[in-house]
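Right, one structure below, let's go through it.
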Amino acid sequence: MAPLVKVDRLCVTARDERGNNRAIVKDVSFEVQRGEVVALIGESGSGKTTIALSLMGHTRSGIKIAGGSITFDGQSLLDMRSRDLSIVRGRDIAYVPQCAAASFNPAHPLLRQVIESSQIHRVMSAAEAEAKAIALFRELALPNPDHIGQRYSHQVSGGQIQRLLAAMALVTDPKLVIFDEPTTALDVTTQIEVLRVFKTAIKKRGTTAVYVSHDLAVVAQMADRIIVLRDGIIREVASTGRILTQPRNDYTKILLAAAKPRVRAATNGIRKETSVPPVLKVMNVVAGHGAVDERGIPAVPLLRDVGFSIKAGSTLGVIGESGSGKSTLARVIAGLLPATRGEVLLNGTKLPRNAAHRTRDQLRRIQIVFQIADTALNPARSIGRILGRPLEFYNGLVGDKRRRCVAELLDMVHLPAAVADLFPSELSGGQKQRVNLARALAAEPSLILCDEVTSGLDTVVRAAILDLLAKLQRDLGVAYLFISHDLSTVKAVCDEVMVLYAGQRMEYGSRGALHQRPRHPYSDLLISSVPELRQGWLDGISEMMPKETSAAIAGVAGGETCRFFERCAVRIQGRCDVEGIPVRLLSKGAEIRCQRTEQELIELFTP
């Protein structure tokens, strides 16, 4: 049988700033058989998304298909008229992008948008399309499938909107679905939920799919074959099993090694207090939005009685799902969101809650590096001006002194001095994040708040950034608060770990302790949700994994009862949802907030 997709010697070029064309996809050839799932994998700039888009006969602005051929279901896509190509794109080829939220119009109900393509191409009547969409909602395990389509995009979670986008893609029964990094921005538990329903839907329909990703562990669960790309060239093609166990190309081996971050020596238990004050100490912090009552509790609490400390030259990892309060915590420490109760101490000195009331030196000593470097860097300013601003603001440096310091900062983050003359749009994702880090270092801080700084980066670039952070800590003695939903990253870089859920601290201890049982039931859920780098892992995990509930997204409203109660597999009805949560010190040295004793947790979670 002829393959559904055949790509032969594809060449794609891009126009650079000087107006010259350069090849970004070079002589690429491959086939996709009917019913097969093929993964395109590689680091940023490898050409995987460009190739995926070309399978729809589409290119981004400034890019063109310069040579080769693409055959889809026996037809040459590159020879089609625009009108015929638009019909194929909407009806026979569907595309699921990384950012689902940006794919929906916030002004229209979700169901209307999910069935839009079926109406444009007159595949079925509106009533038939709505019935089919609702059936897909049910198949994709969306809550309240009969009515969720009446909501708007801002009224559903990230995992739900990603599944709604999949329903939009599947509603016309396409012959080919292209998934472009569809779970990269999701936390671990949501990612597993989405991957499971995606895989089930693909298998049930016998759908042909191309899956674009930089995450080998995810690809291992989804793909039959893997195409490894680098610099627009195919480096290796083989079955998923062979790639994972017997890689032949050196670059494939690098990707596999990068997917397993190097781990520093573990510390044991919770660090004991000494006479030297920690760099940062957070005490019983409460924060949120809305009116504050007489107890200092806001109408919409996002953090409730959170406390911890960070020693000089060490790293505290803060993990949890989306909505757990991680980024809120960073904003409270930085003074961007004033706490309504509690204290933040810097080297033993109490900080004003609002950044506007802090001294210039207090502002200098706590810096924040944001998740998305694109939005954190001013596109109208050169890198030299971006890095020069904090040097001038905090240290009064101008002229040649400032230029020399900019060059030193770039060297510190392993970027050439010539980058100072470039603009953010001329840099790669990894380079932008290095500039983001260099800007924070320009202030010579005592503490850097790293808010999901590697979540949007591919495995190779992520490993390089983590190595850089570790080197800077060794050289400068800077402390980090490292916020992430990626447990493998936390395991690689953090000395101690705090687990947050719906604004409450569930577990706190050394990184080594977190990976020893017993754990808090929520910590156990997070760790068991991290995809393993082997085939069949997704099929083997329990389909009874607790789902997101209102408790996870409603904040910490009223009382000190456990917010994880509705999702907990070992909850005690009449205690966990009624009584205050005791803090227990486990024999491994970690603290947890749980009604269950250590012995009970050992018995309940022993395999």
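Translational diffusion of the chain was estimated from the Stokes-Einstein equation, with Rh taken as the Kirkwood radius over Cα pairs; at 20 °C and 1.002 mPa s the coefficient is 82 µm²/s. Each Cα pair under 8 Å and six or more residues apart adds its sequence gap; the mean of these over the residue count of segment 446-547 is a relative contact order of 20 percent.
Each Lys and Arg Cβ is given +1 and each Asp and Glu Cβ -1; about its Cα centre, segment 131-177 then shows a dipole of about 40 debye. Classified by the C-alpha gyration tensor, segment 350-457 has an oblate form. Its axis ratio a/c, with a ≥ b ≥ c, is 1.5 or above, and a/b does not exceed b/c. Within straight-line reach of residue 401, meaning a Cα separation under 19 Å, sit the following aspartates and glutamates at least 8 residues removed in sequence or on another chain: 392, 411, 421, 444. Think of the chain as a dipole: +1 on every Lys or Arg Cβ, -1 on every Asp or Glu Cβ, centred on the Cα centre; then among 30, 232, 465, 465 lies furthest on the positive end.
Binning the C-alpha pair distances of segment 131-170 at 10 Å intervals from 0 yields a P(r) profile of 33, 64, 3 %, listed from the shortest bin outward.
Between residue 359 and residue 414, the distance separating the two model label sites (each 7 Å from Cα on the Cα→Cβ line) works out to 3.7 nm.
Ordering 456, 476, 490 by Cα displacement along the dipole of segment 394-505 toward the positive end leaves 476 in first place; charges were set at the Cβ atoms of Lys, Arg (+1) and Asp, Glu (-1).
Given Cβ point charges of +1 (Lys, Arg) and -1 (Asp, Glu) and nothing else, what value in debye, to the nearest 20, does the dipole of the chain about its Cα centre take?
Value, rounded to 20: 920 debye.
Within the chain, antiparallel bridges make up roughly 60 percent of the DSSP beta bridges whose residues both belong there. Across segment 432-506, counting alpha-carbon atoms alone, Rg and Dmax equal 12.6, 36 Å.
The mean of 1/r over all pairs of different alpha-carbon atoms in segment 210-255, once inverted, gives a Kirkwood hydrodynamic radius of 10.7 Å.
Here segment 51-108 is treated as a sphere whose radius is the Kirkwood value from Cα pairs; by Stokes-Einstein at 10 °C and 1.306 mPa s it diffuses with a coefficient of 122 µm²/s.
Between the alpha-carbon centres of segment 176-248 and segment 447-508 there is a gap of 26 Å.
With the cut-off at 13 Å, report for segment 478-533 the share of all Cα pairs above it, as a whole percent.
Distances greater than 13 Å cover 60 percent of the Cα pairs.
For the listed peptides 191-199, 359-367, a ranking on the average number of other beta carbons within 10 Å per residue, highest first, reads 191-199, 359-367.
In this simple spin-label approximation, residue 11 and residue 425 carry label points 7 Å from Cα along the Cα→Cβ vector, and these lie 2.8 nm apart. Report note on the peptides 523-534, 216-227: ranked by the mean count of other C-beta atoms within 10 Å, highest first, their order is 216-227, 523-534. Relative protection proxy for 135-142, 97-104, from highest mean packing down: 135-142, 97-104 (other beta-carbon atoms within 10 angstrom).
Sorted from greatest to least, the principal axis extents spanned by the alpha carbons of segment 1-142 come out as 49, 41, 30 Å. Shape analysis of segment 298-367 places it in the oblate category; the axes a ≥ b ≥ c from the Cα gyration tensor give an a/c of at least 1.5, with a/b not above b/c. The label-point distance for residue 400 and residue 530, in a model that sets each label 7 Å from Cα toward Cβ, rounds to 5.1 nm. Relative contact order of the chain, taken over Cα pairs closer than 8 Å and 6 or more residues apart, is 14 percent. Find the centroid of the Cα atoms in segment 278-330 and in segment 1-77, then give the distance between the two in whole Å. Centre-to-centre distance over Cα atoms comes out at 46 Å. Remark: relative contact order (segment 356-447) = 45 percent; criterion is Cα-Cα distance under 8 angstrom and separation of 6 or more residues. Converting phi to 3J(HN,Hα) with the Karplus coefficients 6.51, -1.76 and 1.60 and the offset θ = phi - 60°, segment 221-233 yields 7, 10, 9, 7, 9, 10, 10, 8, 10, 8, 6, x, 10 Hz in sequence order, with x at every glycine or proline.
Here the ratio of the Cα radius of gyration of segment 262-416 to 2.2 N^0.38 Å is 1.23. Temperature 4 °C, viscosity 1.567 mPa s: under these conditions the Stokes-Einstein estimate for segment 67-199, based on its Kirkwood radius over C-alpha pairs, is 84 µm² per second.
Other residues within the sphere of radius under 11 Å centred on the Cβ of residue 40, judged by their own Cβ, net out at 0 (K and R +1, D and E -1).
For an R0 of 25 angstrom, estimate the FRET efficiency from the Cβ-Cβ distance between residue 108 and residue 173 and round to the nearest 0.05. Rounded to the nearest 0.05, the efficiency is 0.60. Pairs exceeding a 27 Å alpha-carbon distance, out of 432/471; 260/471; 175/253; 48/203; 311/350; 199/326: 175/253; 199/326.
Think of the chain as having a plus end and a minus end, set by charges on the Cβ of Lys, Arg, Asp and Glu; of 406, 371, 158, 406 sits farthest toward the positive end of this dipole.
We did not get these values from a lab; they are worked out from the coordinates using the rules stated. In this text, all values refer to a predicted model and were calculated from it rather than measured experimentally. Cβ: placed from backbone, ideal geometry, glycine included. Neighbour counts: every protein chain shown.
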